[in-house]
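Here is the structure we will look at.
The values are calculated or read from the model by the stated rules, or taken from the named source; none is laboratory data. In this text, all values refer to a predicted model and were calculated from it rather than measured experimentally. Backbone-built Cβ (ideal geometry, glycine too); neighbour counts: all protein chains shown.
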Amino acid sequence: MAQEDVFKKVVSHCKEYGFVFPSSDIYDGLGAVYDYGQNGVEMKNNIKQYWWQSMVLMHENIVGIDSAIFMHPTIWKASGHVDAFNDPLIDNRDSKKRYRADVLIEEQIAKYEEKIEKEVAKARKRFGEAFDEAKYRETSPKVAEEQAKRDALHERYSKAMNAMDLDELRQIILDEQIVCPISGTRNWTEVRQFNLMFKTEMGSTADGASTIYLRPETAQGIFVNYLNVQKTGRMKIPFGIAQIGKAFRNEIVARQFIFRMREFEQMEMQFFIKPGTELDWFDKWRKTRMAWHQNLGFGAENYRFHDHEKLAHYANAATDIEFKMPFGFKEVEGIHSRTNFDLSQHEKFSGKSIKYFDPELNESYTPYVIETSIGVDRMFLSVICHSYQEEQLENGETRVVLRLPAALAPVKLAVMPLTKKDGLPEKAREIIDDLKFHFNCQYDEKDSIGKRYRRQDAIGTPYCVTVDHQSLEDNTVTIRFRDTMEQERVNINELLGIIEDKVSITSLLKKLK
Ligand code: ATP
């Protein structure tokens, strides 16, 4: 199946099976805003738990907070968001569509990279086993030509972005002959800056209402609580503060389902350290976070780091963890070495000292920070895209199955009475009443057993149990495994032991080194 088709299918599957709905659906939706349905919210909660527990339970020097979305407006002055949280936008006059100029150019760079990969793939096919890939990449004139174009464009683009030279960004788009994907023309407007923060007002106008912002990241809530947590928690550097919460960005282009939303959720951790140790900690968190992703078992080949060459003015190292989505490798998480920029800005703007007294060094300093920042929704998308499969069965039928990691699946066990009579429903409910304290169970008695299995496959339920007449006699049931579709007769008393460990977040955490 073409990757674009997979993505389309995932989007409609998410709606059909209660994972993700367009927001305000009966009013035809609201651009780039989505709601999570009955299955989506369970899976999202599991992802959040996996992250939270890996941070807060597994590290004795990391604690969590939950700060408010509304914050003092000066915070966003201090953080630089009021002046610089901008994207360069450009319109196509014919289609009237708006684009991010930087994204158009990055896509052009990706096109050159794709051409190189295609050349290499062709050569691999041609030469078979004797193929020396490294040598081919070094010596092929075609590869060299594309690489030179890519590098020149990349350098020009980085320079323009660093200087935020809007005219140059436009010129690059013209010189590269980039066309609007809708109209196919090069009739572009000027490039303009657009601030991504949503504004609202607090207080009544009579009282002199003040403009406040919906937070565009959760991180600032951590920075402004640094002193509170450090003092009340008697935290010693190095230590971290974790937070999960909503963030809001008025994204210019938001066309990729829950990949780019205007209201989304972040899981962020700021790790406070001694100045000078940041590159070691950066490296440690880079590895720790990659291990967290790969622990889900999706295969290392689906992840890569993308180190930033253009660093934000306050950062001295930054990388993204990218996942292979159906529309290419895309950022899911950012890891940034932010120096002491944020804390010193808040010192300056608030007039309060935010220093740490280091008893070992017998001196005070403003801590440096390593940040790990991951989007819940992008993580959700990567999990569901990777797990969605259409399988051809031996009997010629197709089944759609979500091969979700069991710990992330919304429902862990479906209990199904073979018929709706003879005491079978009662027996089924007895099983649920016993197991529902341990994990999420679902009772299902409608339609044939085959149809019920398909429904559970489609939402990724790892285990189904069928209660039949024999169950009443010998207290056994048939357990069916999602991935292999194999069935086994087991005693009801064994179910907890078979299932609980496999579906728990703890099972995932134990696999983390
Ligand atoms: P992008 O370059 O894709 O706009 P970003 O580099 O601005 O992302 P960060 O500011 O580093 O993103 O935010 C950290 C994480 O928050 C991202 O890795 C992503 O998972 C998530 N995120 C950011 N913006 C959005 C959005 N509009 N919708 C969903 N998730 C988002």
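Overview of values
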{"quantity": "Answer residue from the stretch 260-272, given it is over 17 Å from K48 (Cα atoms) and crowded, with 21+ Cβ neighbours inside 10 Å and is farthest from the ligand (Cβ to nearest atom) among those", "calculated": "F272"}
{"quantity": "Residue that is nearest to N86 (Cα to Cα) [pool: residues in the stretch 283-322 that are without any contact (Cβ under 8 Å) to a residue 24 or more places away in the chain and hydrophobic (A, V, I, L, M, F, W, C)]", "calculated": "L311"}
{"quantity": "Residue among N39, N46, N61 that alone is under 16 Å from the mean Cα position of the chain (by Cα) and polar (S, T, N, Q)", "calculated": "N46"}
{"quantity": "Tally of residues being surrounded by 14 or more Cβ atoms within 10 Å (Cβ to Cβ) and assigned to a strand (DSSP E or B) across the stretch 305-333", "calculated": "15"}
{"quantity": "Cβ pairs under 8 Å, 6+ apart, first in the stretch 11-32 and farther than 18 Å from R378 by Cβ, second within 16 Å of the ligand (Cβ to nearest atom) and β-branched (V, I, T)", "calculated": "S24/V33"}
{"quantity": "Residue pairs meeting the criteria (Cβ under 6 Å; at least 6 apart or on separate chains; first assigned to a loop (DSSP other than H, G, I, E, B), in the stretch 120-146; second among the basic types (K, R) and at pLDDT 90 or above)", "calculated": "F131/R124"}
{"quantity": "Positions within the stretch 245-266 being within 17 Å of A68 (Cβ to Cβ) and touching a helix residue (DSSP H, G or I) at 6+ places or on another chain (Cβ under 8 Å), in sequence order", "calculated": "G245, E265, Q266"}
{"quantity": "Qualifying residue in the stretch 334-343 (condition: within 30 Å of K9 (Cα to Cα), within 16 Å of the ligand (Cβ to nearest atom), part of a strand (DSSP E or B) and touching a His at 6+ places or on another chain (Cβ under 9 Å))", "calculated": "yes"}
{"quantity": "Selected residue [under 30 Å from T339 (Cβ atoms), in the same structural domain as H346 (by TED's automatic domain parsing) and modelled with pLDDT under 95] from I241, I222, I252", "calculated": "I252"}
{"quantity": "Residue check for R429: closer than 21 Å to V400 by Cβ and either of a type outside the set (K, R) or in contact (Cβ under 8 Å) with a residue 12 or more places away in the chain (or both)", "calculated": "no"}
{"quantity": "Residue check for V411: β-branched (V, I, T), more than 16 Å from the ligand (Cβ to nearest atom), in contact with a helix residue (DSSP H, G or I) (Cβ under 7 Å, 6 or more places away or on another chain) and part of a strand (DSSP E or B)", "calculated": "no"}
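Residues checked against (1) more than 16 Å from the ligand (Cβ to nearest atom); (2) outside the structural domain of V6 (by TED's automatic domain parsing); (3) touching a helix residue (DSSP H, G or I) at 6+ places or on another chain (Cβ under 9 Å):
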{"position": "K348", "(1), (2), (3)": "yes, no, yes"}
{"position": "I370", "(1), (2), (3)": "no, no, yes"}
{"position": "A406", "(1), (2), (3)": "yes, yes, yes"}
{"position": "E430", "(1), (2), (3)": "yes, yes, yes"}
{"position": "K436", "(1), (2), (3)": "yes, yes, no"}
